[in-house]
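Since the structure comes first, as structure tokens, the remarks are kept for the end.
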Amino acid sequence: MAHAALAAISFILEWDWEAAERSFKRAIELDPGYLWARHAFALALVSQGRLDEAFSQLQSVKQRDPLALGSTTQADLGLLLLWQGDTEGAVRSWREALDLSPTHYSSLLNLGGYHCRSGEPEQGYALLEQARTIYPETPHVLAEQATCYAAAGRPIEARRLLEELEQWTLREYVDPMNLVVVHLALGQDDEVFAWLERAYEKRASLMPAIGSDPRFERLYG
């Protein structure tokens, strides 16, 4: 059971989706109550653009044990709702996740980013600043903050944070997609495609979901 799930993760890192799916299904077959496998399988389905199937898996996790993975399941459900066009449901899901855990990482980022892109930057800033205070050593938070400033028409602040993020890449690995989203928000297309190339070369974990994430619509819309 655990071996099959771990094998699936290794296949995901190689972007071998068919092999990952077989391993996840095997893990779930061996133990239908293995909620971590269901949750991870949902994220793999998202990477293939199979949002309805991913949503079904996460709903199954929540129904089987609402508190097992708690805010994490709730936060990912919110992201899927957003990508499916249900913004009210997404916001409600993230708020429920924060009710369960007020410092939940992805809920703060997702809700903060949503407010920034929806013309409510002050609410977005507050949530993202809270996230950075709690998780100061997380490049993804910095990227979200920079993107928020860019979306709110404050490019000077966005570029300042982008420079900080670029310096971070000199010290340790940073998923290139973090740089992609900031350059995209700033309208710097040459840099966007340069970082996309790096993301592809590195098999960046955030890249496969690019076709579902509305932040990237300008690339393929």
Pairing a residue in region 13-41 that is of a type in the set (Val, Ile, Thr) with any residue that is in a loop (DSSP other than H, G, I, E, B), where Cβ atoms lie under 9 Å and the two sit 6 or more apart in sequence or on different chains, gives Ile28/Met1; Ile28/Tyr34
Do we find a residue being of a type in the set (Phe, Trp, Tyr), under 24 Å from Glu217 (Cα atoms) and over 16 Å from the mean Cα position of the chain (by Cα) anywhere in region 78-95?
no
Output the residues belonging to region 188-221 that are of a type in the set (Gly, Ala, Ser), open to solvent by less than 50 Å² (accessible area, probe 1.4 Å) and closer than 18 Å to Ala143 by Cα.
Ala194, Ala199, Ala204, Ala209
Of the residues in region 116-140, those that are more than 24 Å from Arg171 (Cβ to Cβ), open to solvent by less than 60 Å² (accessible area, probe 1.4 Å) and touching a helix residue (DSSP H, G or I) at 6+ places or on another chain (Cβ under 6 Å) come to Cys116, Gly124, Leu127
Here the qualifying pairs (Cβ atoms under 8 Å; residues six or more apart or on different chains; first in region 115-127 and under 20 Å from Thr103 (Cβ atoms); second open to solvent by less than 50 Å² (accessible area, probe 1.4 Å) and not in a helix (DSSP H, G or I)) come out as Cys116/Ala152; Gly124/Ala152
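Please find, among Val192, Val181, the residue that is in contact with a Lys or Arg (Cβ under 6 Å, 6 or more places away or on another chain), at negative phi and assigned to a helix (DSSP H, G or I). First the steps, then the outcome.
Details: Val192 fails: in contact with a Lys or Arg (Cβ under 6 Å, 6 or more places away or on another chain).
Val181 is the lone residue from the list that is in contact with a Lys or Arg (Cβ under 6 Å, 6 or more places away or on another chain), at negative phi and assigned to a helix (DSSP H, G or I).
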Report, by residue number, each residue of region 85-107 that is of a type in the set (Gly, Ala, Ser), more than 21 Å from Leu142 (Cα to Cα) and in contact with a Phe, Trp or Tyr (Cβ under 9 Å, 6 or more places away or on another chain).
Ala90
Note down all Cβ pairs under 7 Å where the first residue falls in region 82-97 and is part of a loop (DSSP other than H, G, I, E, B), the second is open to solvent by 20 Å² or more (accessible area, probe 1.4 Å), and they're at least six residues apart or on different chains.
Gln84/Leu51
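Among the listed residues Thr103, Thr147, Thr169, which satisfies the condition of being touching a residue at least 40 places away in the same chain (Cβ under 8 Å) and open to solvent by 10 Å² or more (accessible area, probe 1.4 Å)? First the steps, then the outcome.
Details: Thr103 fails: touching a residue at least 40 places away in the same chain (Cβ under 8 Å); Thr169 fails: touching a residue at least 40 places away in the same chain (Cβ under 8 Å).
Every option except Thr147 fails the conditions.
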Can you name every residue in region 47-59 that is at pLDDT 85 or above and either buried (at least 17 other Cβ atoms within 10 Å of the Cβ) or not hydroxyl-bearing (Ser, Thr, Tyr) (or both)?
Arg50, Leu51, Asp52, Glu53, Ala54, Phe55, Gln57, Leu58, Gln59
Region 150-159: number of residues that are without any contact (Cβ under 8 Å) to a residue 12 or more places away in the chain and farther than 15 Å from Gln188 by Cα
1
Tell me which of these Leu206 doesn't satisfy, since it passes every other one: (1) part of a loop (DSSP other than H, G, I, E, B); (2) at pLDDT 85 or above.
(2)
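The values are calculated or read from the model by the stated rules, or taken from the named source; none is laboratory data. Predicted, not measured: the structure shown is a model, and the values here were computed from it. No Cβ is skipped: glycine too gets one built from the backbone with ideal geometry, and neighbour counts run over all protein chains shown. The area values use the complete protein model at the heavy-atom level, side chains included, leaving out ligands, DNA and RNA. Shrake-Rupley method; radii C 1.70, N 1.55, O 1.52, S 1.80 Å.
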